Structure formats: C-alpha cells, structure tokens
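A quick write-up on the structure given underneath.
The values are calculated or read from the model by the stated rules, or taken from the named source; none is laboratory data. Predicted model, so just to flag it, every value in this text is computed and none were measured. Ideal geometry is used to build each Cβ from the backbone, glycine not excepted, and the neighbour counts take in all protein chains shown. Note: areas computed on protein heavy atoms with side chains; ligands, DNA, RNA excluded. Shrake-Rupley method; radii C 1.70, N 1.55, O 1.52, S 1.80 Å.
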Amino acid sequence: MKTYLQHYKVILIIGILFILSSCKSVVVPVFSSQLPPAKPNYHKQSSWAVLPNTYPKNLIHWQTSTDTLQADVFYIYPTLNVDKKDVRWNVSISDFIQNEKVINKAVYYQASAFLNAGNLYVPYYRQAHLRSYSQYDTGGSKALELAYSDVKNAFKFYLENYNKGKPIIIVSHSQGTTHAIKLLKDFFDGKPLQSKLIAAYIPGIAIRKEEFKYIYLMKSPTETGGFVSWNTYKNKYYPKTYNEWFKGVATSNPITWDDKIVSQRKDHKGFLFTNDKLYKQALKVYVKDGILWTSLPHFPYRIFALGKKRYHTGDINLFWEDIRENAVIRVKSYYNRKEIIKNH
C-alpha cells in the first residue's frame, strides 16, 4: 500500500508539473536575434507554390474553361502560421507543413475560384507569424516587411519573365491583403501598369476608401481597374474593434457586386465547403458600415456554425462561385472596353 501511494504521489507531481509547464507563456525572442530564413530565389520553380504549368492535381477539376486564358492571376495567401508555440517571426519557404497548408487550404479554397479567369501564379514567401499584428511594434512590423519584400520580388520576377503584357488580377486574403495593398501602391496606383489591372480582390483586412490615389472601390460587377474588399461577420454582430478598425472602411457586396446593401439567398451563387461540395443559395448578406454581415449558411452542417461570429476564414470560399463567375465577367469586360477604345 505504501509503495502504491508513493507511485501515486510521483504520478501526481509529474502531472502537476506537466500542467504548469504547458501553461507557461512562450517567450518569443526579439526579431533581431533570429536569423531570417533563406531568401527565396524566384528563378527556381520550387519557390512557387503554383505556376501555370505546375497546377496541383486537386485544382484541375475546378478549371472548366477550355478557352485560352488572356489574363494572369497573382495570388498572395493569408496567414497560415498561427501556432502560439512557434517562436519564429517568419516561416521558411522550405517548411513542408506550411507549404502543405498553402496548397491544400489557401490555394484550394481561395485561389481556385480564379482558375477560369486567368493563369495562376502563387509565390511562396517568408510569411510573418500571426503575432506580428498584435506585437507590431516589438518585431511584427519587421516580420511583415520581410514577408512583403518576398512578395515584391516575386511580382517583379513575374512581370519580367512570365507576364508578357497580359492584364492582371490581384487576389489576396488577410496577411496577403496587407501585402497586396503595398503591391498595388508600388506597381499600379497612378503608374503605367494600372492600365493592365483588371481588378484586385483583396478581402480580409480593413481598407480605407481613400487608401489608394487612383484605384477605386468598384461598384459594378463589370467595372475594371479597381478593387473589392470585405470582412465577414455573423449577422448583427459587431467585433470589439469595430469603431477602431472597421467603421467607415471600404466594403463590397460579394454577391451582387454593386452598391446594394442587402442580397437575398436566391442571389447567392454558392460557397465551397471543406467537403469539396458547392452549396448554392445558402446565405444572404447585409453591408453594414465597414463590415459584411452574413446570415447563418443553409447547408447540412450549419449546426456547427451556430456559435460562429467571425467568418474571417470564409471571406472567399463563402462566396466562391460568386467570385468565380464575377472574375470571368471582369476579364471579358476589360477586353470589351479595350476593343471599344481601339475602334474609336
């Protein structure tokens, strides 16, 4: 009995120590103390998650158009490194776990919506950890700058080696949109390349209506040369940061693509769920000042979304079919306008 009690005490102590150790907050080293991951070489195919000649097999069935694609799509994926125990400020582009997420989550459920609109280009980049936003002044800004330097270099390489004069669609989400805003300012806003901009689909980050000088929030499904953006939340829910971050920012209706405040379920083209099925006429949206409210989606698994208030991860795939159809429309509209100008 005594031996049993001794063993029990040892197990109990080990258990307590384990719990205490697991509760300890992770100490993140200062940004300058970490060597940055190796800089990507975009001459190498391995530095690209997707190139037009290297589409992952799971993407092919979404490409239903057999027409020659006359546009390019440059996609910047969202924050995928959210592990609180990961002390890295930036992720190496050779990180296998990260790259699996890029291909099978970000590209599959977001970039896939644009396969019929243009040739898809997705560079790997040394993405900043999620904490870079909450710890912006203590290392986050440097981590985001490093990440953007990769995106910028990848886009430069793309322009010089792949573009060949084709018009461009910029697509991004979340951290990707943080970088896309800078990219649009550096390469398009008031610059010659702006004439090649079909549209920028850049949800997931609050964007001021006056963020750009010459790139405007588009208010028509056929409009080109501007941007669309939204941040999705449960109907009638206000995030705690609403007044500080969202009130008054640019918000598009990703179902009607115009200035309508409300859409109906019958207008919804379909969202791509994680079971690879499309659910049509599943939701309606309401454009509230600075955010997009959505009704609870009507689909077989809706019970699991009952308590969901923030639909950030679904900003694109909730409107996947709506986006897919609209992107094709905007490409056609771009070329129609070019033809009209040419004939006059």
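Within segment 113-134, is there a residue that is over 27 Å from Glu325 (Cα atoms), assigned to a loop (DSSP other than H, G, I, E, B), touching a residue at least 12 places away in the same chain (Cβ under 8 Å) and of a type in the set (Gly, Ala, Ser)? Even if it seems obvious, please write down each step before you answer.
Initial filter on segment 113-134 (over 27 Å from Glu325 (Cα atoms)): 125-134.
Then keep just the ones that are assigned to a loop (DSSP other than H, G, I, E, B); that gives 125-127, 129-130.
Retained after the next criterion (residues that are touching a residue at least 12 places away in the same chain (Cβ under 8 Å)): 125-127, 129-130.
Then keep just the ones that are of a type in the set (Gly, Ala, Ser); that gives none.
No, segment 113-134 has no match at all.
What are the residues in segment 70-85 that are open to solvent by less than 20 Å² (accessible area, probe 1.4 Å) and closer than 30 Å to Ser134 by Cβ, if any? It would help to see each step written out before you state the result.
Initially, segment 70-85 is screened for residues open to solvent by less than 20 Å² (accessible area, probe 1.4 Å), giving 71-78, 81.
Listed by number, the residues that qualify are Phe74, Tyr75, Ile76, Tyr77, Pro78, Asn81.
Only one residue in Asp137, Asp67, Asp83, Asp72 is of a type in the set (Asp, Glu) and at pLDDT 95 or above. Which one?
Working: Asp137 fails: at pLDDT 95 or above; Asp67 fails: at pLDDT 95 or above; Asp83 fails: at pLDDT 95 or above.
After ruling out the rest, the residue left standing is Asp72.
Cβ-Cβ below 7 Å, separation at least six or inter-chain, first residue in segment 312-339 and basic (Lys, Arg), second assigned to a helix (DSSP H, G or I) and open to solvent by less than 10 Å² (accessible area, probe 1.4 Å): which pairs?
Arg324/Ala113
If you take the residues of segment 96-142 that are among the aromatic types (Phe, Trp, Tyr) and surrounded by fewer than 22 Cβ atoms within 10 Å (Cβ to Cβ), which of them is farthest from Ile76 (Cα to Cα)? Step through it out loud before you land on a result.
Initial filter on segment 96-142 (among the aromatic types (Phe, Trp, Tyr)): 96, 108-109, 114, 121, 124-125, 133, 136.
With surrounded by fewer than 22 Cβ atoms within 10 Å (Cβ to Cβ) added as a condition, the list becomes 96, 108-109, 133, 136.
Working: Phe96: 18, Tyr108: 13, Tyr109: 13, Tyr133: 17, Tyr136: 20 Å.
Checking each candidate, the answer is Tyr136.
Of all residues in segment 255-294, which are among the hydroxyl-bearing types (Ser, Thr, Tyr) and more than 20 Å from the chain's Cα centre (by Cα)?
Those that are among the hydroxyl-bearing types (Ser, Thr, Tyr) and more than 20 Å from the chain's Cα centre (by Cα): Thr256, Ser263, Tyr279, Tyr286.
Does Asp67 meet the test of being open to solvent by 30 Å² or more (accessible area, probe 1.4 Å), closer than 21 Å to Tyr162 by Cβ, free of Cβ contacts under 8 Å to residues at least 60 places away in the same chain and out of contact with any Cys (no Cβ under 8 Å at 6 or more places or on another chain)?
yes
Condition check ((1) more than 20 Å from the chain's Cα centre (by Cα); (2) within 14 Å of His312 (Cα to Cα); (3) open to solvent by less than 20 Å² (accessible area, probe 1.4 Å)) across all residues:
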| position | (1), (2), (3) |
| --- | --- |
| Pro203 | no, yes, yes |
| Ile207 | no, no, yes |
| Glu211 | no, no, no |
| Met218 | no, no, yes |
| Ser229 | no, yes, yes |
| Tyr233 | no, yes, yes |
| Lys236 | yes, no, no |
| Glu244 | yes, no, no |
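Looking at this structure, is Leu183 touching a residue at least 24 places away in the same chain (Cβ under 8 Å), surrounded by 16 or more Cβ atoms within 10 Å (Cβ to Cβ), hydrophobic (A, V, I, L, M, F, W, C) and within 30 Å of Val28 (Cα to Cα)? Write out each step before concluding.
Working: touching a residue at least 24 places away in the same chain (Cβ under 8 Å): yes; surrounded by 16 or more Cβ atoms within 10 Å (Cβ to Cβ): yes; hydrophobic (A, V, I, L, M, F, W, C): yes; within 30 Å of Val28 (Cα to Cα): yes.
Judged against the criteria, Leu183 is a match.
Examine segment 30-42 for a residue that is exposed (fewer than 14 other Cβ atoms within 10 Å of the Cβ), of a type outside the set (S, T, N, Q), at pLDDT below 90 and within 28 Å of Tyr125 (Cα to Cα), and state whether such a residue exists.
Yes.
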